[in-house]
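Scroll down for the structure; my scribbles are underneath it.
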Amino acid sequence: MLQIPSDKLKQILTDAGLITAEAFEQAREEAERLGTSTNDVLLSKNIITQTYLAEIVAEYLGVRKANFVEIQLDDNLVRMLPENVARQRRVVIFGRETDGTLDVAMEDPGNLETVELIERRFNAKVRPFLASDDDLNKAYAFYGKELSGDFQKIMEENVRQAFRSRAAGVEEAAKDVPIVALVDNILKYALSLRASDIHIEALEDIILIRYRVDGILHEILKLPKEISDAMAARIKLVSGLKLDEHSRPQDGRFRYKIEKEIVDVRVAIMPVFYGEKIEMRLLTAAQRPLSFEELGMEEDTVKTIKENTQKTYGIVLVTGPTGSGKTTTLYSILNILNRPEVNIVTIEDPIEYDIQYVNQTQINPQAGITFANGLRAILRQDPNVIMVGEIRDEETAEISVHSALTGHLVLSSLHTNDASTAVPRLTDMKIPAFLVAAVINAVLAQRLLRRVCTYCIQSQKPSSDVVEAVKKQWEELGISREFKPPKLVFKAKGCRSCNNTGYRGRMGIFEVLNVTENVRKLIVSSDFSLGALKNLARKEGMISMFEDGLRKAEKGMTTLEEVLRVIRE
């Protein structure tokens, strides 16, 4: 998003009563310290929203905001500009007036060079509109669809050239042009579909390519088994891994750039029965930590988490299965705690986002840096806040507990199904119940579910089958409150923007176990059981992930079917 002059933004926000002049100056100082913009600091603190910021910038520039939710994009208009020009200039042509004037959505409507370029290219006047990153990315999905139609042909041609190539060895094959183009197109297509992961799987006769988009795996392509070694070698080469190692797992990473978009690619390779399986996690580089509200937290959840992370000691755990967004939530908490008077040190595997003024350490077992001994070293760094990427074993759990007991706030993640299960999980790691009760401040459990596509969203009455399924889940969870079925729900019919899935993007559903005095007493009680803990937590106001999902479905943020799918996984 284009930056508005800081003094002007201050005047607008203080006049609107959204922030005091003193608080704005604090945000400006924090932005200077962190090397970011005042806008980003205000967004991360949820003082303003992206929508409101766009309206302010549009008014300041004297232009209208392009609203691609209401505007029906036209393939032919969008593709008037080649993809590389559109992405590089951060523009999209989305309309043509009766007099031939082109309506152009721009990240920077004041960029006269880009306006003149388009006017000369098409011999037409340009009317600029302000567009957000999300608006532009939705429009760029049209190029992705074009690539989709050609992807099979492109890949087949690359494969034919790879077969014609006579690379002498593995390293030479990894640098061979057709193999380089093959891997490059796999990455480019994944980004066009907003994939978070690429799976390259060696089967008996073929290589299977699958993408994970909004949490769901999709089969994309099958390639000849003969090029498996060359593809693996190429990915190993750019990831800094050993090309001749085939019998042990390897982890690496590299940075991929398409126009102005930079993506960090985390690579994990492991031997399987028919060769090597490659998993590539795609992480947008330089992404700012999200606010709690942007993650999808409701007001009651935000209040509990903020109260427990403002304490100077104890443990706050984020739990959930692999890929449920635990690390993203931990980074959001770190961002709030990242102040000049606070020394934050982390031990992670891997470091996914770089946060200025946070001392981040990557575990490296070959160099003797594990979670356990890395945590011991951190304690000699005079920390106020410690983040342990994951509590995986008894030794790490024990040191984390002792760190919390000695005046440190410890943040970490744990693999459990829900918030309450974190207590028996820690006792199973040989942490005495009295220590668990003494150090745990709160446990936040989460899952990720898909958002309804705002392009093709529709309201309707829920079907009797879905209502019955929701009611059954409600009863199975033992929720004491009376079940009231929603009168209206929201679904999306599917469109180009969401790849005809009806969903675009993800958000979290959460439940927080707030460890109150009553909860502490129950944990050390001889009558402790998981069921008793869940019942007590509900009596004290805990909203389950299922209930949190239902209230998001009622607001039109997701669907009842999606809530049921995620809860039952």
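Taking the stretch 58-106, which residues are part of a helix (DSSP H, G or I), under 22 Å from Cys495 (Cα atoms) and aliphatic (A, V, I, L, M)?
Result: Leu77, Val78, Ala86.
Considering only residues of the stretch 304-330 that are among the hydroxyl-bearing types (Ser, Thr, Tyr) and crowded, with 22+ Cβ neighbours inside 10 Å, which is nearest to Phe292 (Cα to Cα)?
Filtering first and then ranking leaves Thr329.
Inspect the stretch 408-422 for any residue being in a helix (DSSP H, G or I) and modelled with pLDDT of 90 or more and give the result as yes or no.
yes
List the pairs whose first member sits in the stretch 116-136 and is at negative phi and assigned by the TED database to the domain that holds Ala58, whose second member is of a type in the set (Val, Ile, Thr) and exposed (fewer than 15 other Cβ atoms within 10 Å of the Cβ), and whose Cβ atoms are under 8 Å apart, counting only residues at least 6 apart or on separate chains?
Note: pairs meeting the criteria are Ala124/Thr101; Lys125/Thr101; Val126/Thr101; Arg127/Thr101.
Can you run down the residue pairs with Cβ atoms below 8 Å, 6 or more apart or on separate chains, where the first is in the stretch 355-371 and in a strand (DSSP E or B) and the partner is polar (S, T, N, Q)?
Matching pairs, first to second residue: Asn359/Asn343; Asn359/Thr346; Asn359/Gln381; Gln360/Thr346; Thr361/Thr346; Ile369/Thr361; Ile369/Gln362.
Each row is one residue, and each column tells you yes or no for (1) assigned by the TED database to the domain that holds Ile305; (2) at pLDDT below 95; (3) out of contact with any strand residue (DSSP E or B) (no Cβ under 9 Å at 6 or more places or on another chain).
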site: Lys487; (1), (2), (3): no, yes, yes
site: Asn499; (1), (2), (3): no, yes, no
site: Glu511; (1), (2), (3): yes, no, no
site: Val515; (1), (2), (3): yes, no, no
site: Ile523; (1), (2), (3): yes, no, no
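Looking only at the stretch 311-354, which residues are over 22 Å from Arg253 (Cβ atoms), within 19 Å of the chain's Cα centre (by Cα) and in a loop (DSSP other than H, G, I, E, B)?
Listed by number, the residues that qualify are Gly320, Pro321.
Go through the stretch 235-268 and count every residue that is in contact (Cβ under 8 Å) with a residue 60 or more places away in the chain and assigned to a loop (DSSP other than H, G, I, E, B).
Within the stretch 235-268, residues that are in contact (Cβ under 8 Å) with a residue 60 or more places away in the chain and assigned to a loop (DSSP other than H, G, I, E, B) number 4.
Among the residues of the stretch 37-73, what is the count of those that are basic (Lys, Arg) and at pLDDT 85 or above?
The total comes to 2.
Evaluate the stretch 99-115: report whether one residue or more is of a type in the set (Ser, Thr, Tyr), out of contact with any Pro (no Cβ under 9 Å at 6 or more places or on another chain) and in the same structural domain as Ala27 (by the TED database).
Checked the stretch 99-115: at least one residue is of a type in the set (Ser, Thr, Tyr), out of contact with any Pro (no Cβ under 9 Å at 6 or more places or on another chain) and in the same structural domain as Ala27 (by the TED database).
Restricting the search to the stretch 452-511, which residues are among the aliphatic types (A, V, I, L, M), open to solvent by 30 Å² or more (accessible area, probe 1.4 Å) and over 26 Å from the mean Cα position of the chain (by Cα)?
Val467, Leu477, Leu488
Quickly run through the stretch 107-123 and pick out the residues that are part of a loop (DSSP other than H, G, I, E, B) and out of contact with any helix residue (DSSP H, G or I) (no Cβ under 8 Å at 6 or more places or on another chain).
Answer for the stretch 107-123, where residues must be part of a loop (DSSP other than H, G, I, E, B) and out of contact with any helix residue (DSSP H, G or I) (no Cβ under 8 Å at 6 or more places or on another chain): just Asn123.
Applying the selection to the stretch 20-49, what residues are in a helix (DSSP H, G or I) and hydroxyl-bearing (Ser, Thr, Tyr)?
Thr38, Ser44
Residues in the stretch 74-83: is at least one modelled with pLDDT of 85 or more, β-branched (Val, Ile, Thr) and touching a Lys or Arg at 6+ places or on another chain (Cβ under 9 Å)?
No, every residue in the stretch 74-83 fails to be modelled with pLDDT of 85 or more, β-branched (Val, Ile, Thr) and touching a Lys or Arg at 6+ places or on another chain (Cβ under 9 Å).
The values are calculated or read from the model by the stated rules, or taken from the named source; none is laboratory data. These figures come from a predicted structure and were not determined experimentally. Virtual Cβ from ideal backbone geometry, glycine too; neighbours counted across all protein chains shown. Please note that ligands, DNA and RNA were not included when accessible areas were found on the heavy atoms of the full protein model with its side chains. Shrake-Rupley method; radii C 1.70, N 1.55, O 1.52, S 1.80 Å.
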